[in-house]
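Since the structure comes first, as structure tokens, the remarks are kept for the end.
The values are calculated or read from the model by the stated rules, or taken from the named source; none is laboratory data. From a predicted model like this one, the values you see are computed outputs, not experimental measurements. Methodologically, a virtual Cβ is constructed for each residue, glycine included, from the backbone with ideal geometry; neighbour enumeration extends over all protein chains shown.
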Amino acid sequence: MPTDDKWIEECCEEVLKFTGSLAPEWANRIAIARSERNWTSRQFLGAMIGWMLDNGYHLTAPQHPFFQPGAVPMVEKPCELCGKLFKPIIPGQRFCSETCGISYLKKMEAKAA
Ligand SMILES: [Zn+2]
């Protein structure tokens, strides 16, 4: 798995884009905070997660409807490793099983080494 700064920044950017896509006001707040602080995506996520942990919000369930059980219709899709069709349990699930997920990570680690 690549661990360079550019790749991590791109991943953090995707997380912020996804988060902003869930609610327009979140996208605005993210844009304002980043602009005010001149943060990279990685700095923004690190700062926000650290703040949440320091303030004890890590045990509070997000209130956005997207995170409520059954809120997102899950359609069958192919596993990114084995290709078998499966019905995701959580949004963004990429693999049919933990075995496939771990095998994929090991494959990526071997590629990066
Ligand atoms: Zn699979």
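Report, by residue number, each residue of the range 71-99 that is among the hydrophobic types (A, V, I, L, M, F, W, C), touching a Phe, Trp or Tyr at 6+ places or on another chain (Cβ under 9 Å) and at pLDDT 85 or above.
Passing the criteria: 79, 81, 82, 86, 95, 96.
Among what's in the range 77-91 and is in contact (Cβ under 8 Å) with a residue 12 or more places away in the chain and more than 11 Å from the ligand (Cβ to nearest atom), pick the residue that is farthest from residue 66 (Cα to Cα).
Selected residue: 87.
Does the range 23-33 contain any residue that is in contact with an Asp or Glu (Cβ under 6 Å, 6 or more places away or on another chain) and surrounded by 14 or more Cβ atoms within 10 Å (Cβ to Cβ)?
Scanning the range 23-33 turns up no residue that is in contact with an Asp or Glu (Cβ under 6 Å, 6 or more places away or on another chain) and surrounded by 14 or more Cβ atoms within 10 Å (Cβ to Cβ).
Is one or more of the residues making up the range 45-52 in contact with a Cys (Cβ under 8 Å, 6 or more places away or on another chain) and at pLDDT 80 or above?
Scanning the range 45-52 turns up at least one residue that is in contact with a Cys (Cβ under 8 Å, 6 or more places away or on another chain) and at pLDDT 80 or above.
Scan the range 23-53 for residues that are in a helix (DSSP H, G or I) and over 22 Å from residue 8 (Cβ atoms) and report the count.
6
Would you confirm whether any residue within the range 99-110 is more than 15 Å from the ligand (Cβ to nearest atom), surrounded by fewer than 11 Cβ atoms within 10 Å (Cβ to Cβ), acidic (Asp, Glu) and farther than 19 Å from residue 19 by Cα?
No, the range 99-110 contains no residue that is more than 15 Å from the ligand (Cβ to nearest atom), surrounded by fewer than 11 Cβ atoms within 10 Å (Cβ to Cβ), acidic (Asp, Glu) and farther than 19 Å from residue 19 by Cα.
Has the range 53-68 got at least one residue that is surrounded by 11 or more Cβ atoms within 10 Å (Cβ to Cβ), over 27 Å from residue 4 (Cβ atoms), within 16 Å of the ligand (Cβ to nearest atom) and at pLDDT below 90?
no
Quick one: how many residues across the range 1-47 are of a type in the set (A, V, I, L, M) and under 14 Å from the mean Cα position of the chain (by Cα)?
5
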